[in-house]
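J.: Have a look at the structure that comes next, please.
The values are calculated or read from the model by the stated rules, or taken from the named source; none is laboratory data. Quick caveat: nothing in here was measured; it's all calculated off a predicted structure. In this analysis, Cβ positions are derived from the backbone assuming ideal geometry, glycine residues included, and neighbour counts consider all displayed protein chains.
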DNA sequence: GATATTTGTTTAATCGTTTAAACACATGCG
DNA sequence: CGCATGTGTTTAAACGATTAAACAAATATC
């Protein structure tokens with residue numbers, strides 16, 4: 001690699017000290033510096049194509065203008081969309097984003113966070129994994145600014161931005177009921193992640209609110225580790241084999257929905273005639289299906305922008321905690337029965 | 001933020017110089033250091049939870065163990081999948097990845113590359129945008145290690161890893177012909193990007209090889225800037241309105257294929273009876289379609305791993321150029337007619 | 001016993017910035 | 001004139017690590 005141009009090179013060429021060069025290029029002490037000298041320094045910097053070495057700058061300032069983004073898997077469209085917005089937002093404010101995938105694995109997450117800390121990131125945006133509390137507590141103890149996104153831990157006082165999972169599930173379930181469905185299935189993951197338990201709670205409360213007795217057999221919780229496609233198939237079979245089969249299913253994630261729809265489709269079940277469907281998260285795969293899925297839309301832009309803003313504010317000054325539930329719209333398409341007025 | 005533990009803190013606590021601490025923690029001069037002292041230093045480092053400040057280390061070593069990843073858009077599943085593999089590969093070798101999206105925009109790309117250079121990245125993996133040659137030349141001139149991925153510029157001598165677009169298009173077109181198709185459409189972008197022009201060339205050569213006269217009206221090149229969905233619709237309409245309509249279409253990208261399939265589906269055209277389809281890149285959306293698309297699979301893992309390996313080798317020593325075309329398998333599904341033996 | 005070698009550790013410079021403090025010189029003021 | 005103030009620039013320390021070179025003490029060699 002070619003040798004890079006440093007402040008010293010400019011200073012030597014102009015015949016001044018590096019201090020003066022630094023002052024000029026950072027527009028400090030503007031009142032005190034002779035105009036001709038300032039102009040000459042600026043011209044020389046341009047001529048030599050000087051670029052400041054952020055590493056040296058960071059060391060001195062104890063600030064890197066860098067944020068760490070930790071998600072489960074950057075190749076998941078949901079996370080990569082978040083990443084995109086976060087990066088745009090950060091870029092505008094002259095921050096740079098370093099990312100890593102933690103694979104829903106607390107240990108990898110811990111290592112990753114430490115790696116990024118070694119790199120002296122100024123703060124984090126984290127979509128924490130299950131069992132990830134200890135990582136979060138570690139950051140809290142060390143007073144490192146961070147914002148949780150998409151998920152959070154109800155027992156820990158942190159900044160977070162998520163969608164209102166409870167309300168979204170509640171609304172979706174009510175929407176089923178409004179369309180005449182009365183036996184409503186839920187396929188979700190077997191996990192302690194708060195956002196998923198909120199989805200379940202919303203679903204249950206909606207049923208209760210309409211005095212529908214909940215049948216335990218309506219709810220299937222899939223093991224993460226399992227073969228998801230197979231697990232979804234079995235769950236659907238069990239929902240449909242009941243003495244009184246379900247007439248609708250709420251999918252708690254787009255992965256579940258994708259496999260679910262694929263299987264339901266292969267069985268030739270009529271949507272929404274025989275079975276109504278709603279899913280969390282967009283699944284545009286279903287655009288090609290004869291009945292595109294009604295879905296709960298993730299407010300990705302809003303979440304990502306807000307999280308970035310909160311983080312940057314926290315980096316630059318001590319702030320109150322921000323905990324923001326964002327409402328998610330239900331996008332009605334053709335996989336649900338039209339609502340009848342009651 | 002809590003004050004971080006430095007080498008000096010360890011040195012003070014143990015009662016030795018920072019130099020010795022550094023030697024011990026980096027396992028240097030192992031023969032010369034008293035075992036008890038070394039043990040005490042290590043124990044103290046652990047006790048104080050010391051982590052090395054990579055910024056300081058980078059400044060001294062003039063090496064950051066960081067690579068810059070520049071793609072058009074990290075939220076595009078193709079790029080985020082690449083990112084994931086690159087990150088995994090880099091992480092294993094103790095490198096960290098900083099990324100940015102350049103939006104197929106040469107100026108943003110230029111700025112981004114400079115921002116990352118300011119951050120002293122050791123090298124780049126770049127999926128260059130159209131008109132991006134000047135950025136690449138800039139890197140070449142400054143002897144900065146980099147590898148192009150997915151796309152390259154035939155006129156510039158660089159490292160690159162892409163799929164063999166020519167051969168893939170050639171094979172796909174031949175496959176159409178093998179299935180009895182004789183009027184084969186192509187919908188691609190109007191661009192100078194070499195990988196897309198190679199796709200077109202492969203398509204044309206395959207037709208020539210079978211003595212099929214190419215009808216210019218079979219090939220549609222869409223403007224990037226346009227409303228892609230609308231443009232695809234129009235292209236398809238024009239292909240089907242011909243006096244002798246096409247009997248098959250090759251889509252040059254998954255975005256085009258997605259909108260194309262959506263439109264074809266809405267028109268009730270029978271696949272593959274009335275029209276056979278093949279697309280570049282996977283489009284798993286079509287799994288829910290009655291005729292999942294036959295597609296040219298991007299060898300994402302192989303490309304990303306190879307690119308990362310090449311880059312890291314180039315960072316660590318002067319190397320010969322590597323230019324690698326990777327063959328892409330044609331994954332045959334139900335959108336094409338079975339090949340008849342000839 | 002004088003000198004060379006080995007062992008164990010420290011000193012000090014360095015990476016490229018930033019910035020408080022010092023400095024030199026000019027000008028203002030009573 | 002003597003002192004304060006203002007202007008323009010430099011000095012030098014600091015950020016936290018790495019590492020060549022210096023050093024001191026112990027041991028080996030003849």
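J.: Looking at A:131, A:89, which is the one that is under 20 Å from residue A:193 (Cβ atoms), surrounded by fewer than 24 Cβ atoms within 10 Å (Cβ to Cβ), away from chain B (no Cβ under 11 Å) and touching a helix residue (DSSP H, G or I) at 6+ places or on another chain (Cβ under 9 Å)?
T.: After ruling out the rest, the residue left standing is A:131.
J.: Right, next: Kindly list the number of the only condition in (1) within 14 Å of chain A (Cβ to nearest Cβ); (2) touching a residue at least 12 places away in the same chain (Cβ under 8 Å); (3) surrounded by fewer than 24 Cβ atoms within 10 Å (Cβ to Cβ) that fails for residue B:166.
T.: Among (1) within 14 Å of chain A (Cβ to nearest Cβ); (2) touching a residue at least 12 places away in the same chain (Cβ under 8 Å); (3) surrounded by fewer than 24 Cβ atoms within 10 Å (Cβ to Cβ), residue B:166 violates only (1).
J.: Could you grab me the full set of residues in the stretch B:265-292 that are under 23 Å from residue B:199 (Cα atoms), within 10 Å of another protein chain (Cβ to nearest Cβ) and either touching a strand residue (DSSP E or B) at 6+ places or on another chain (Cβ under 8 Å) or surrounded by fewer than 16 Cβ atoms within 10 Å (Cβ to Cβ) (or both)?
T.: B:283, B:284 - these are the residues of the stretch B:265-292 that are under 23 Å from residue B:199 (Cα atoms), within 10 Å of another protein chain (Cβ to nearest Cβ) and either touching a strand residue (DSSP E or B) at 6+ places or on another chain (Cβ under 8 Å) or surrounded by fewer than 16 Cβ atoms within 10 Å (Cβ to Cβ) (or both).
J.: I'm trying to understand the selection: among the residues of the stretch B:96-111, which are more than 8 Å from chain A (Cβ to nearest Cβ) and either in contact with a helix residue (DSSP H, G or I) (Cβ under 7 Å, 6 or more places away or on another chain) or crowded, with 23+ Cβ neighbours inside 10 Å (or both)?
T.: Scanning the stretch B:96-111 gives B:102, B:106, B:109, B:110.
J.: Separate question: Any residue in the stretch A:117-145 that's at pLDDT below 90: show its pairings with residues that are crowded, with 21+ Cβ neighbours inside 10 Å and in a helix (DSSP H, G or I) at Cβ separation under 7 Å, as long as the two are six or more apart or on different chains.
T.: Between residues of the stretch A:117-145 that are at pLDDT below 90 and residues that are crowded, with 21+ Cβ neighbours inside 10 Å and in a helix (DSSP H, G or I), the close pairs are A:129/A:109; A:132/A:109.
J.: Kindly provide the set of residues from the stretch A:59-76 that are at pLDDT below 95 and more than 9 Å from every other protein chain (Cβ to nearest Cβ), ordered by number.
T.: The one that is at pLDDT below 95 and more than 9 Å from every other protein chain (Cβ to nearest Cβ): A:72.
J.: Working only within the stretch A:2-18, note down all residues that are surrounded by 14 or more Cβ atoms within 10 Å (Cβ to Cβ), away from DNA strand D (no atom under 11 Å from the Cβ) and part of a loop (DSSP other than H, G, I, E, B).
T.: A:4, A:5, A:6
J.: Checking residue B:228 against (1) out of contact with any helix residue (DSSP H, G or I) (no Cβ under 8 Å at 6 or more places or on another chain); (2) at pLDDT below 95; (3) closer than 15 Å to residue B:257 by Cβ, which single condition isn't satisfied?
T.: The single condition residue B:228 does not satisfy is (1).
J.: Looking at the stretch A:19-46, which of the residues that are within 22 Å of residue A:60 (Cα to Cα) and not in a helix (DSSP H, G or I) is farthest from the chain's Cα centre (by Cα)?
T.: Step by step, filter the stretch A:19-46, then rank; the result is A:29.
J.: Among (1) near DNA strand D (Cβ under 8 Å from one of its atoms); (2) in contact with a strand residue (DSSP E or B) (Cβ under 8 Å, 6 or more places away or on another chain), there is one condition residue A:66 misses while meeting the rest; what is its number?
T.: The number of the failed condition is (1).
J.: Across the stretch B:47-58, what is the total count of residues that are facing chain A (nearest Cβ under 10 Å) and either more than 17 Å from residue A:54 (Cβ to Cβ) or part of a loop (DSSP other than H, G, I, E, B) (or both)?
T.: Adding up the residues that qualify gives 4.
J.: Looking at the structure I just gave you, is residue B:302 part of a loop (DSSP other than H, G, I, E, B) and at negative phi? Please lay out each step first, then the result.
T.: Numbers: part of a loop (DSSP other than H, G, I, E, B): no; at negative phi: yes.
Judged against the criteria, residue B:302 is not a match.
J.: Within 12 Å of chain A (Cβ to nearest Cβ), over 12 Å from the mean Cα position of the chain (by Cα) and surrounded by fewer than 21 Cβ atoms within 10 Å (Cβ to Cβ): does that describe residue B:137?
T.: no
J.: With (1) within 21 Å of residue A:76 (Cα to Cα); (2) touching a strand residue (DSSP E or B) at 6+ places or on another chain (Cβ under 7 Å); (3) buried (at least 19 other Cβ atoms within 10 Å of the Cβ) as the list, and residue A:302 as the residue in question, which single condition is left unmet?
T.: (3)
J.: If I ask for residues that are touching a residue at least 12 places away in the same chain (Cβ under 8 Å) and either within 14 Å of chain A (Cβ to nearest Cβ) or within 12 Å of DNA strand D (Cβ to nearest atom) (or both), which ones from the stretch B:19-40 would you list?
T.: Matches in the stretch B:19-40: B:20, B:21, B:22, B:24, B:25, B:33.
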